[in-house]
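Single-structure report; data block below.
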Amino acid sequence: MESAFFRAYNTVFVCLLHPNEKGIDLLPFSSAGCLDMLSLEGQFTFTADQPQMHCATFFIGESDKFISIDFDFVNIDCQAGDFLKVFDGWILKGEKFPSSLDHPLPTSERYRDFCEAGASLTTIRSSQNVAMIFFRIQDAGNGFTLTIKKQPNLFPCNIISQTPSGRFTMIVPHQHRNCSFSIIYPTLIKISDLSLGHLKGFHLKKPTAGCRGTGDFMELLGGNGLDPSKMLPLADLCHSFSGPAQMKIGCDNTVLRLVSSGKHINQVTFEYYQLDQYEQENNSLNEFCLSSI
């Protein structure tokens, strides 16, 4: 899975994880760096053959899965400045997914540090289908072994799509929370059904008018970064409807965000498809994203 969104972050250095069994999905980056992505389950061992100072590995699962990380073996020198940290979500260039507005934990509690927790840090489960680790290992021969598992999530909330196209239904059942679905490709998104529990009849408002007074609404966001709270609002949907509504969005990242007051069962069903090069070049919404670089 590669997109312009990830190629933009070629200043992040990558260290390579070697699996003990088949199950690694490595992005083919053209630039040298320290960024890995794993999408399959398995046990993985990293052993440094030279000092590795700034490394990160991103984990992603299917939309309806949590990521579970088991620390099977860790041999690093915390006293010398080595570290191994887990982040609940993804973070790139200071931008987080899920955003601080949408994650159930404050940012400080989304980090888990092996050097601080020690032997008590055995298993960590993410709050959504993505998680990541940061690590620094200065001595050759040191390293760690992790086991990555995927666990079912009955009501997925805050998702990064693993594929450039697909179909998904997001449900928020009487919960006061915000859920975002991120597509890290220029995309055509088709909304086939939206149920907000309180109002019926299709009505599309411009972002300047806003739907925030209703308490329950869906918004489309576009941008070239990772954090939905820093993206540009493209449209708000305030009312329930059945029937197709679609929009082409030429940004590197498109987010469909469902805001729920907790008073209703809200749900949205949609499809999405990656735009080809011609559609990207002839998409009027490109200017929104270009202005935010």
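The values are calculated or read from the model by the stated rules, or taken from the named source; none is laboratory data. A quick note: this is a predicted structure, and the numbers were derived from the prediction, not measured. FYI the Cβ positions are ideal-geometry reconstructions off the backbone, even for glycines, and counts take in every protein chain you see. Side chains are part of the model used for accessible areas, which takes the heavy atoms of the whole protein and leaves out ligands, DNA and RNA. Shrake-Rupley method; radii C 1.70, N 1.55, O 1.52, S 1.80 Å.
Inter-label distance, Glu116 to His176: 2.8 nm, where each label sits 7 Å from its Cα along the C-beta direction.
For region 140-147, 3J(HN,Hα) computed residue by residue from phi via the Karplus equation (6.51, -1.76, 1.60; θ = phi - 60°) reads 4, x, 7, x, 7, 10, 10, 10 Hz, glycine and proline entered as x. Phi-derived couplings, Karplus 6.51 cos²θ - 1.76 cosθ + 1.60 at θ = phi - 60°, listed residue by residue for region 238-246: 9, 10, 5, 7, 10, x, x, 9, 9 Hz, with x used for Gly and Pro. Roughly to the nearest percent, how much of the accessible area of region 76-187 is carbon and sulfur, given a 1.4 Å probe? Answer for region 76-187 is 51 percent, counting heavy atoms of protein chains only.
Solvent exposure of region 47-169, expressed per residue, is 43 Å² of accessible area, with all protein chains present and a 1.4 angstrom probe. Solvent-accessible surface (1.4 Å probe) assigned to Arg167 amounts to roughly 140 Å². Rounded to the nearest 10 Å², what accessible area does Leu105 have for a 1.4 Å probe in the complete protein model? Approximately 70 Å² for this residue.
Surface listing: His176, His54 arranged by accessible area from highest to lowest gives His176, His54, probe 1.4 Å.
Rounded if a/c is under 1.5, else prolate if a/b is larger than b/c, else oblate: which is region 60-169, with a ≥ b ≥ c the root eigenvalues of its Cα gyration tensor? The shape class here is prolate. For the pair Phe73 and Asp276, the difference between a 0.36 nm per residue extended length and the Cα-Cα distance amounts to 68.6 nm.
Solvent-accessible area of Glu109, all protein chains in place: 110 Å² (probe radius 1.4 Å, heavy atoms, ligands and nucleic acids excluded).
A Förster radius of 30 Å combined with the Cβ-Cβ distance from Asp193 to Leu101 puts the calculated FRET efficiency at roughly 0.75.
Computed from backbone phi with θ = phi - 60° and the Karplus coefficients 6.51, -1.76 and 1.60, the 3J(HN,Hα) list for region 130-139 is 9, 7, 7, 10, 10, 8, 9, 9, 9, 10 Hz; x is used for glycine and proline. For the set Tyr273, Tyr185, solvent exposure ranked by accessible area (probe 1.4 Å, protein chains only) runs largest to smallest as Tyr273, Tyr185.
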